[in-house]
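Have a look at the structure below, then the notes.
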Amino acid sequence: MALSVAAEDFRRYGWTIEMAGDGLDLITDERIAALELTGSVAAGVRRYLRANNLSGPVLEVMGPQRREIHLVVGVAKAARALDSLRAAGAIVHTEGARVPLPGPGRAIAWSVMPHEARWVPPVVALAAAVRAVGGSERKPGRVAC
């Protein structure tokens, strides 16, 4: 069956893959997580990663607004990076979250396939990219005198 071949292909990366009603899902765990970005932040991060040769696997969710899901590693030791990403509006998929993978009838496609990427970047690289493109909504802090 074609889905079994696809599942085995993804499993060779060490990812946990499960069958859902309409296709395959990546199950996030301590080895792999996903970071969902939207709109101009997603576009800017994509350009930043490409320009700096940092691109990893990226899923594009079809719809009226640009949505990308970047696969990342290293979330266990990146609490500050995760906090800054969430503050910038990113959705972080960790700890057993299901991420749909492309398949017939699914409105999601690879924009950078796993075998095309030179690596799966650490989440801190994505946090730096979001910061670099102005995706951070953090305001400068006050200095107490």
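A few points about this structure:
- Long-range neighbours under 7 Å by Cβ, at least six apart or interchain, first residue touching a residue at least 40 places away in the same chain (Cβ under 8 Å) and among the hydroxyl-bearing types (S, T, Y) within the range 39-58, second in a helix (DSSP H, G or I) and crowded, with 17+ Cβ neighbours inside 10 Å: Y48/A129; S55/L49
- Test: residue in the range 45-63 that is loosely packed, with under 13 Cβ neighbours inside 10 Å, in contact with a strand residue (DSSP E or B) (Cβ under 8 Å, 6 or more places away or on another chain) and either of a type in the set (G, A, S) or under 21 Å from P104 (Cα atoms) (or both): yes
- Reported count of residues in the range 92-127, each being within 15 Å of V75 (Cβ to Cβ) and assigned to a helix (DSSP H, G or I), is 5.
- Some residue of the range 6-13 being outside any loop (DSSP other than H, G, I, E, B) and at pLDDT 95 or above: no
- Checking each residue in the range 1-37 for being farther than 24 Å from A76 by Cβ and buried (at least 16 other Cβ atoms within 10 Å of the Cβ) picks out A6, A7, G23, L24.
- Candidates S40, S84, filtered to the one that is assigned to a helix (DSSP H, G or I) and loosely packed, with under 13 Cβ neighbours inside 10 Å: S40
- A87 being of a type in the set (A, V, I, L, M, F, W, C), more than 10 Å from the chain's Cα centre (by Cα) and closer than 14 Å to L35 by Cβ: yes
- R67 charged (D, E, K, R), within 21 Å of H115 (Cβ to Cβ) and either surrounded by 14 or more Cβ atoms within 10 Å (Cβ to Cβ) or in contact with a Ser or Thr (Cβ under 6 Å, 6 or more places away or on another chain) (or both): no
The values are calculated or read from the model by the stated rules, or taken from the named source; none is laboratory data. Keep in mind that what you see is a predicted model, and the values were worked out from it rather than measured. Backbone-built Cβ (ideal geometry, glycine too); neighbour counts: all protein chains shown.
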